[in-house]
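Worksheet: the structure to be examined is printed underneath.
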Amino acid sequence: MDTFHPQKRRDIMRRVRSKDTIPEKVIRALLHKEGFRFRIHRTDLPGKPDIILPKYKTVIFVHGCFWHRHENCKRASTPSSRLEYWLPKFQKTIIRDIQNIIKLEERGWKVIVIWECEIKDIINIREKLRQTLCRI
């Protein structure tokens with residue numbers, strides 16, 4: 001059962017952002033500090049990637065663990081009520097993410113997915129980005 005009144009839950013959900021989230025801003029700041037130049041939210045690419053590095057033909061998706069269902073992550077818990085609503089919604093998101101990655105790779109783009117829970121280990125993210133971008 002939900003611990004919030006339905007109106008309070010609606011207010012909370014209304015404030016969930018799809019662009020310019022804190023994890024996304026952290027990754028953008030890191031990339032900028034490392035000297036990478038990028039674009040954000042190009043609508044002409046499948047999935048409207050959060051960060052685009054045209055020079056490296058690489059896109060970065062910064063996924064929220066709950067919405068994009070990060071496997072084996074405690075943040076990807078499933079609500080206990082209204083499963084008939086949540087389960088199909090999550091499934092559609094997973095399928096859409098996979099389709100977008102396939103479409104981007106078919107166009108020759110490298111795809112990096114960074115999960116919300118990974119943000120706290122910025123050293124590993126910096127290394128992951130350097131390895132991926134410097135191999136190009």
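Summary of values
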{"quantity": "Tally, over the range 16-54, of residues that are touching a Lys or Arg at 6+ places or on another chain (Cβ under 7 Å), of a type outside the set (A, V, I, L, M, F, W, C) and not in a loop (DSSP other than H, G, I, E, B)", "calculated": "1"}
{"quantity": "Top-ranked residue in the range 89-106 [being in contact (Cβ under 8 Å) with a residue 12 or more places away in the chain and under 25 Å from residue 55 (Cβ atoms); ranked as least open to solvent (accessible area, probe 1.4 Å)]", "calculated": "104"}
{"quantity": "Those residues of the range 110-136 which are in contact with a helix residue (DSSP H, G or I) (Cβ under 9 Å, 6 or more places away or on another chain), surrounded by 11 or more Cβ atoms within 10 Å (Cβ to Cβ) and outside any helix (DSSP H, G or I), in sequence order", "calculated": "110, 111, 112, 113, 114, 115"}
{"quantity": "Any hit, the range 58-67, residues being part of a strand (DSSP E or B) and in contact with a Leu (Cβ under 7 Å, 6 or more places away or on another chain)", "calculated": "yes"}
{"quantity": "Residues satisfying the stated conditions in the range 34-77, i.e. open to solvent by 40 Å² or more (accessible area, probe 1.4 Å) and among the hydrophobic types (A, V, I, L, M, F, W, C)", "calculated": "38, 40, 66, 67"}
{"quantity": "Failed condition for residue 46, given (1) over 18 Å from residue 116 (Cα atoms); (2) over 15 Å from the mean Cα position of the chain (by Cα)", "calculated": "(2)"}
{"quantity": "Test: residue in the range 21-32 that is open to solvent by 90 Å² or more (accessible area, probe 1.4 Å) and modelled with pLDDT under 90", "calculated": "yes"}
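The values are calculated or read from the model by the stated rules, or taken from the named source; none is laboratory data. Owing to the predicted nature of the structure, the values given are computational and were not obtained by experimental measurement. Neighbour counts are summed over all protein chains in view; Cβ atoms, including those assigned to glycine, are modelled from backbone coordinates with ideal geometry. Ligands, DNA and RNA are stripped out before the accessible areas are found, and what is left, the full protein with its side chains, is counted by its heavy atoms. Shrake-Rupley method; radii C 1.70, N 1.55, O 1.52, S 1.80 Å.
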